[in-house]
Structure formats: structure tokens, C-alpha cells
Amino acid sequence: MQRTVANNQIRTTVSNHDGAGTRSARTRVEERLAKASPGLNFSRRELLTEILDNSEETCFLSSRELAKRYEVDAATVVRTVQALGYERYADFQDDLRSHFVLRISPYTVMKAAARQKRTIADYVEHSLEMEANNLAQLRSTLAAPEVIETARRIRRARRILVVGIDLAAALSHLLSYSLASLGFDSEAPVGSAGNLHQKIRLMGPKDLLIAISFGRCLKETVEAVTRAHKAGVPTFGITDSDKSPIARFCDSHWIASIANPSFNASYVAPVAAIDALLVACAHLQQERSLAWMKEKEKELKSGNRWYPGPDEDTETE
């Protein structure tokens with residue numbers, strides 16, 4: 001074992017997705033461990049604590065791979081899991097993945113990467129590889145008919161409110177700004193939580209709220225979804241796990257992995273998902289989209305938005 005833990009030690013200090021320390025309710029697997037702990041011997045408690053403490057790596061391992069990692073028999077892993085009340089290892093693995101999603105933070109990701117003792121070049125290559133994997137995973141799970149159906153929901157909506165906070169604000173702005181460019185009444189609210197709540201109060205069943213958040217999900221984004229539900233507003237989410245609060249509370253959602261071997265989230269897959277959605281929105285109403293784009297093109301050509309080229313007249317001192 002990498003470190004020794006006290007017999008009754010079960011950690012509950014966790015981190016939010018934005019890195020702020022906090023206290024949180026136990027996950028399902030933590031609850032089972034706490035309940036079964038008095039009846040477990042020291043080696044089983046130590047093994048389970050190690051597995052949970054390193055869930056960013058262990059949640060993807062089979063029982064044989066987990067046994068190899070901790071230098072025990074595969075049967076020992078299975079019996080230890082059964083001691084928590086799980087009939088199948090797959091059920092334990094499902095809860096372990098949920099635990100990982102709820103406990104992930106920039107620190108845990110960076111800590112896992114630092115253990116690998118790679119060169120800087122290796123870290124860079126690994127990052128690019130994971131970006132490609134995230135995109136490949138999105139392509140294998142997000143089907144075109146699903147994208148088109150969401151685009152139709154956007155087309156039917158009277159108003160669209162896109163909620164994304166902190167780093168996800170960049171994604172919400174991208175989606176909202178692009179939808180507005182296609183002629184949709186779309187907004188990504190900025191400012192205080194009070195401003196966001198006021199915007200939601202103005203919404204109704206003919207509108208659509210789109211929520212973007214990952215990992216444990218930020219409180220204000222999740223509360224925006226629950227407030228919208230109370231007002232009868234349809235909701236759609238983009239997140240990174242079926243276990244996340246956005247996935248649980250939204251009417252429908254897409255999964256886009258943000259996994260990255262360093263401290264920062266990867267937004268390659270969410271941006272690709274948003275781009276696919278915008279393509280569907282544009283081509284559902286081609287004539288309308290072209291009309292809006294043509295009008296915008298006229299405005300851009302008649303203004304001074306662009307930096308003048310070398311052959312254009314410019315004022316000189």
C-alpha cells in the first residue's frame with residue numbers, strides 16, 4: 001500500500017469543480033464503507049480506502065486490473081466488494097465511477113498525473129491524446145438524430161437562456177452568441193446569481209433553458225435548472241456524466257467528456273457538440289439562416305470592424 005490509514009479513517013473532505021474546498025454528503029460507496037467498516041478487517045478497510053482515494057484511476061479498472069495494481073488476488077477484490085453489500089463487481093464499479101465524478105477536482109487530476117513521473121513532452125503528448133479520445137468518444141455516443149431533435153427544440157423555443165458559470169461561461173457565450181447570429185432570441189446571462197434568477201422568472205413553458213456544467217456541477221447552474229422546472233420551463237444540459245446533477249435534473253442531456261491529464265478541463269468535446277448543434281440549427285431553416293447571415297455580412301462590410309489590410313487606405317501620423 002502507498003500509505004497506511006487508521007482503521008476508522010474515511011475521508012469526507014472534497015473539492016468543488018472550481019477547486020474550492022468544502023464538505024459534502026457521502027457518496028453511495030462511502031455510505032456502504034461507513035456502514036460496513038466495523039465488520040471489516042484492517043486490510044480490507046485499507047484496500048477500499050486506497051481504491052476510493054485514487055478513484056480517478058481505479059474507477060476504470062476491472063477486478064483483475066485492480067488486483068494487479070494493489071498486488072492482491074482477484075478473488076480478494078471480489079470478496080472485499082461483496083463485503084460492502086455489492087452482489088456484482090460491476091455494481092461497485094458503477095458507484096465508484098459516480099464517486100469519482102462527484103469528487104473530481106483540479107487537484108486530484110494533477111495529483112494523478114504527477115504520480116506518473118513523465119517528461120514534460122510526455123505530458124503534452126498525453127494531453128493531446130486525451131483531447132482526441134474525448135472527441136472520439138463524443139462521436140461514438142452523440143448521434144445525428146439526437147442533435148437534430150435538440151435543434152428542433154431550440155427552433156420551437158420562444159426564448160433561450162444558456163447558463164454556464166466560471167470556465168463554462170465561455171461555452172455558454174459561444175452557444176448563445178452563435179444562436180443569436182442565426183436569428184434566435186438567445187442570451188447567456190452574466191453578473192450575479194440574482195440577475196440569473198430574475199431572467200428565469202421571466203421564462204415560461206414556451207422557452208428553453210440550456211445548462212452547461214461538469215463534474216459535481218456548480219450550485220448556481222443546478223439551481224437554475226430546478227427553478228426552471230418549477231416554472232414549467234423545458235431544460236437541456238451538456239455535462240460529462242450520467243451521474244452529474246445536470247444529467248439528473250435536466251429533461252434531456254448530452255455527455256461530453258472534459259477529461260484532461262492536467263489541472264484544467266478539456267473543452268474540445270463540448271465545443272464540438274455545440275458546433276454540431278449550431279450546424280443543425282442553421283440547416284433546419286436554411287433560408288432564414290442565410291437571410292440573417294446576409295444581413296450581418298452587410299453590416300460587417302459597411303463598418304470598420306476589421307483591421308485594414310496593407311492595400312487599404314489608413315490614416316498615418
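The values are calculated or read from the model by the stated rules, or taken from the named source; none is laboratory data. Owing to the predicted nature of the structure, the values given are computational and were not obtained by experimental measurement. Using ideal geometry, Cβ is built from the backbone for each residue, glycine included, and neighbour counts are taken over all protein chains shown.
Run down His126, His99 and say which single residue is in contact with a Pro (Cβ under 6 Å, 6 or more places away or on another chain) and either modelled with pLDDT under 85 or not charged (D, E, K, R) (or both).
Details: His99 fails: in contact with a Pro (Cβ under 6 Å, 6 or more places away or on another chain).
Going through His126, His99 in turn, just one is in contact with a Pro (Cβ under 6 Å, 6 or more places away or on another chain) and either modelled with pLDDT under 85 or not charged (D, E, K, R) (or both): His126.
Only one of (1) touching a helix residue (DSSP H, G or I) at 6+ places or on another chain (Cβ under 6 Å); (2) outside any helix (DSSP H, G or I) is not met by Arg44, so which one is it?
Answer for Arg44: the failing condition is (2).
Quick one: in region 130-160, which of the residues that are in contact (Cβ under 8 Å) with a residue 60 or more places away in the chain and not in a helix (DSSP H, G or I) is surrounded by the most Cβ atoms within 10 Å (Cβ to Cβ)?
That would be Ala157.
Just checking, how many residues over region 224-251 are of a type in the set (Gly, Ala, Ser) and over 24 Å from Asn133 (Cα atoms)? Steps first, answer last, please.
Narrowing region 224-251 to residues of a type in the set (Gly, Ala, Ser): 224, 228, 231-232, 237, 241, 244, 247.
Adding the requirement that they be over 24 Å from Asn133 (Cα atoms) leaves 224, 228, 231-232.
So the answer is 4.
Give me the pairs, please: first residue somewhere in region 31-58 and over 29 Å from Met110 (Cα atoms) and free of Cβ contacts under 8 Å to residues at least 12 places away in the same chain, second residue anywhere and surrounded by 14 or more Cβ atoms within 10 Å (Cβ to Cβ) and not hydroxyl-bearing (Ser, Thr, Tyr), beta-carbon distance under 7 Å, and either six or more positions apart or on two chains.
Listed by first residue and then by second, the contacts come to nothing, as the list is empty.
Scan (1) of a type in the set (Ser, Thr, Tyr); (2) within 20 Å of Asn134 (Cα to Cα); (3) part of a helix (DSSP H, G or I) for the single condition Ser257 breaks and write down its number.
It is condition (3) that Ser257 fails.
Within region 223-263, which residues are of a type in the set (D, E, K, R), touching a residue at least 60 places away in the same chain (Cβ under 8 Å) and touching a Pro at 6+ places or on another chain (Cβ under 7 Å)? Show your work before the answer.
Start the filter on region 223-263 by keeping residues that are of a type in the set (D, E, K, R), which leaves 223, 227, 230, 240, 242-243, 248, 251.
Keeping just the survivors that are touching a residue at least 60 places away in the same chain (Cβ under 8 Å) gives 240, 243.
Listed by number, the list is empty, since nothing qualifies.
Please state which one of Leu167, Leu209, Leu196, Leu179 is surrounded by 22 or more Cβ atoms within 10 Å (Cβ to Cβ) and assigned to a helix (DSSP H, G or I).
On the way: Leu167 fails: surrounded by 22 or more Cβ atoms within 10 Å (Cβ to Cβ); Leu209 fails: assigned to a helix (DSSP H, G or I); Leu196 fails: surrounded by 22 or more Cβ atoms within 10 Å (Cβ to Cβ).
Every option except Leu179 fails the conditions.
Checking Arg3 against (1) assigned by TED's automatic domain parsing to the domain that holds Arg103; (2) at pLDDT below 90, which test does it fail?
Going through (1) assigned by TED's automatic domain parsing to the domain that holds Arg103; (2) at pLDDT below 90 one by one, Arg3 breaks only (1).
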